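Right, one structure below, let's go through it.
The values are calculated or read from the model by the stated rules, or taken from the named source; none is laboratory data. Every value quoted in this text rests on a predicted model; they were computed, and no experiment measured them. Cβ sites come from the backbone with ideal geometry, for glycine too, and all protein chains shown count toward neighbours.
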Amino acid sequence: RLAVPASAHAPAPQPGPPLNDEQQAAVDAILAAPGFTPFLLDGVTGSGKTEVYLRAIADCLARGKQALVLVPEIGLTPQTLARFRARLGVPVHALHSGLSDGERARTWAAFARGQARVAVGTRSAVFLPLREPGLIVIDEEHDGSFKQLDGIRYHARDFALVRAKALDVPVLLGSATPSLESLRNAQAGRYGHLRLLRRAGTAQPPRVRVLDVRKRPLQAGLSPELLERLHGELRAGGQALVFKNRRGYAPVLLCHDCGWTAHCPRCSTPLKPTPMTVHGGGRRLQCHHCGTRRPAPDACPDCGGLALQSQGAGTERIEESLAARFSDFPVLRIDRGTTQKRDALEKLLAEFGTAPGVLVGTQMLAKGHDLANLTLVAVVGIDEGLFSADFRAREKLAQLLIQVAGRAGRALKPGEVVLQTHHPEHELLITLLSGGYHAFAEVELAQREAAGFPPYAHMALIRAEAQQVEAANAFLAMARRELQQAAAQHGIERSTLELNGPVPAPMPRRAGYLRAQLILSAPQRRDLHAALDAALPAIYAAPEARKVRWSLDVDPADLY
């Protein structure tokens with residue numbers, strides 16, 4: 001028999017802060033839920049959603065039931081575990097890929113036997129056996145990391161809803177920026193909609209300022225006004241977060257003499273080259289898509305010139321620039337490169353403490369973390385997301401901006417957010433500043449409905465990869481014929497099931513394989529699934545399927 005993990009033991013329970021009226025109403029609604037009831041806990045950043053989770057879990061434990069809490073990233077697990085263990089007074093177990101096989105097996109066995117009561121884990125924890133289920137919570141339900149992008153593709157949030165229905169228990173989806181799918185379900189009455197419109201305690205929303213950097217000199221992507229604002233915050237004893245959602249030193253290595261740029265040999269095509277990211281202060285090149293690495297050349301391979309320059313700025317370059325400018329204060333970088341070791345993020349944040357300093361980070365810092373002395377958030381490099389071809393890009397950018405802005409001023413000190421951009425008049429920024437996330441969501445939902453995109457339609461993506469694009473296109477053409485025949489046999493009209501493709505993928509080559517895709521869309525999910533269920537046996541058995549690597553993704557998170 002496997003013993004319960006020792007790390008799960010907890011101290012005596014501590015009392016929590018008093019709830020405000022909105023929090024109490026949310027808790028009362030959850031506790032009164034009869035069996036399976038989905039709730040969307042829609043609360044602004046810092047509104048005390050975790051406190052609502054804790055009260056609901058405490059009631060679950062009092063009834064002798066088990067609770068499962070899903071968080072989007074490993075980095076959020078230690079902070080959540082510490083808070084839950086302090087408040088609940090029972091062992092709280094972790095389950096994520098950073099644990100050893102033995103640790104995960106012990107947690108799995110403890111829940112299967114009914115010994116363990118509360119688990120906090122990432123998306124794979126949704127499969128944890130629950131012998132006496134009482135509640136499932138999905139924190140930051142909008143987050144894209146709940147989607148498994150390879151192997152067996154699933155969305156942990158959606159599967160949690162399926163499990164909760166099968167187990168007949170309430171399921172709580174929490175977010176300050178709910179996905180448009182969840183908002184639509186709440187509007188349609190399929191979810192209970194619980195709103196938290198103000199921050200908990202005495203904390204106030206941060207003041208937001210848009211900084212126009214057109215025609216301004218930039219140092220590592222930072223304007224003089226932003227650097228002065230950072231200096232002022234550090235002198236005042238506060239902490240600052242500089243957010244840049246691009247790791248590495250610079251996005252591109254360029255020859256200033258002839259225009260050559262470093263491209264990935266395994267992911268580039270003549271029509272669509274894929275730049276390699278500069279790392280290690282300009283000494284190393286790495287492709288963030290396939291992982292190819294090589295040293296940066298000493299001279300331009302095309303012209304032999306020595307005018308090689310790193311263009312743009314990533315988190316490494318920003319860290320280097322700020323460390324040189326503010327040498328009297330700690331400057332700490334948090335991205336995938338600095339958090340690969342076990343518990344690295346927890347250790348880095350503990351090292352940072354509450355003394356004045358600057359955090360430089362990617363989206364790892366944009367969610368869940370509660371830094372009491374963080375009073376200034378500077379968001380740089382948002383312009384790339386304003387003009388993406390992905391129909392979900394605007395939603396993702398709006399969520400990211402709101403989430404990272406919510407890290408400022410979460411305690412007694414007031415917070416400020418500076419958005420640095422070359423497009424201060426962009427309608428997305430204006431909508432977010434004037435009406436907040438829900439004003440943006442209202443506009444975006446109307447556009448999605450007019451275009452026939454999710455959540456007003458249901459999509460599936462069949463992708464094929466091969467050394468020759470002809471093989472991929474032949475497979476997808478066969479799949480299209482089989483789907484059309486299956487739809488006809490089930491009485492599904494061609495106007496109902498829309499098939500687009502074969503077409504090249506937005507990233508047409510990756511890791512040496514050429515990629516093409518077929519996109520399916522239908523207003524009703526049952527029509528989409530009926531066609532797929534009928535056609536898949538023939539697609540699997542077809543000779544074309546043996547010549548390609550292919551995958552099916554229902555409800556794709558993106559169309560890359």
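Could you tell me whether Ala398 is part of a strand (DSSP E or B), assigned by TED's automatic domain parsing to the domain that holds Arg325 and crowded, with 20+ Cβ neighbours inside 10 Å?
Judged against the criteria, Ala398 is not a match.
Would you say Leu227 is at pLDDT 95 or above and within 26 Å of Leu401 (Cβ to Cβ)?
Judged against the criteria, Leu227 is a match.
Quick one: Ser521 ticks every box in (1) among the polar types (S, T, N, Q); (2) more than 30 Å from Thr274 (Cα to Cα); (3) surrounded by 15 or more Cβ atoms within 10 Å (Cβ to Cβ) except a single one, so which number is it?
Of the numbered conditions (1) among the polar types (S, T, N, Q); (2) more than 30 Å from Thr274 (Cα to Cα); (3) surrounded by 15 or more Cβ atoms within 10 Å (Cβ to Cβ), the odd one out for Ser521 is (2).
This table checks each residue for (1) of a type outside the set (Gly, Ala, Ser); (2) farther than 28 Å from Leu234 by Cα.
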residue: Gln399; (1), (2): yes, no
residue: Gln403; (1), (2): yes, no
residue: Ala408; (1), (2): no, no
residue: Lys413; (1), (2): yes, no
residue: Val417; (1), (2): yes, no
residue: His422; (1), (2): yes, no
residue: His426; (1), (2): yes, yes
residue: Thr431; (1), (2): yes, yes
residue: Ala439; (1), (2): no, yes
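Looking at segment 442-475 only, could you name the residues that are under 23 Å from Thr496 (Cβ atoms) and free of Cβ contacts under 8 Å to residues at least 60 places away in the same chain?
Once the filter is applied, which keeps residues that are under 23 Å from Thr496 (Cβ atoms) and free of Cβ contacts under 8 Å to residues at least 60 places away in the same chain, segment 442-475 yields Ala446, Gln447, Glu449, Ala450.
Report the residue count in segment 444-480 for those that are aliphatic (A, V, I, L, M), closer than 23 Å to Glu181 by Cα, out of contact with any strand residue (DSSP E or B) (no Cβ under 8 Å at 6 or more places or on another chain) and surrounded by 15 or more Cβ atoms within 10 Å (Cβ to Cβ).
1
Can you tell which of Ala538, Ala545, Ala488, Ala477 is modelled with pLDDT under 95 and either basic (Lys, Arg) or more than 31 Å from the chain's Cα centre (by Cα) (or both)?
Checking each option against the conditions leaves just Ala488.
Pick from Pro537, Pro502, Pro506, Pro543: which is touching a residue at least 60 places away in the same chain (Cβ under 8 Å), assigned by TED's automatic domain parsing to the domain that holds Glu465 and of a type outside the set (Phe, Trp, Tyr)?
Just one listed residue meets the conditions, Pro506.
Is it the case that Gln219 is touching a His at 6+ places or on another chain (Cβ under 9 Å), touching a residue at least 12 places away in the same chain (Cβ under 8 Å) and not hydrophobic (A, V, I, L, M, F, W, C)?
In short, no.
Scan segment 335-349 for residues that are among the aliphatic types (A, V, I, L, M) and either closer than 18 Å to Val242 by Cα or buried (at least 16 other Cβ atoms within 10 Å of the Cβ) (or both) and jot them down.
Of everything in segment 335-349, those that are among the aliphatic types (A, V, I, L, M) and either closer than 18 Å to Val242 by Cα or buried (at least 16 other Cβ atoms within 10 Å of the Cβ) (or both) turn out to be Leu345, Leu348, Leu349.
Against the condition outside the structural domain of Met364 (by TED's automatic domain parsing) and touching a residue at least 60 places away in the same chain (Cβ under 8 Å), how does Arg266 come out, does it pass?
yes
Six or more apart or on different chains, Cβ under 7 Å: which pairs go from a residue in segment 148-159 that's at pLDDT 90 or above to one that's of a type in the set (A, V, I, L, M)? Could you list them?
Once the first residue is at pLDDT 90 or above and sits in segment 148-159, its partners that are of a type in the set (A, V, I, L, M) give Ala156/Leu70; Ala156/Val126; Arg157/Ile138; Arg157/Leu173; Phe159/Val126.
Which condition does Arg246 not pass, out of (1) surrounded by 15 or more Cβ atoms within 10 Å (Cβ to Cβ); (2) over 22 Å from Ala405 (Cα atoms); (3) touching a residue at least 40 places away in the same chain (Cβ under 8 Å), if it passes all the others?
The failed condition is (2).
Could you check how many residues of segment 51-98 are touching a helix residue (DSSP H, G or I) at 6+ places or on another chain (Cβ under 8 Å) and within 15 Å of Arg342 (Cα to Cα)?
10
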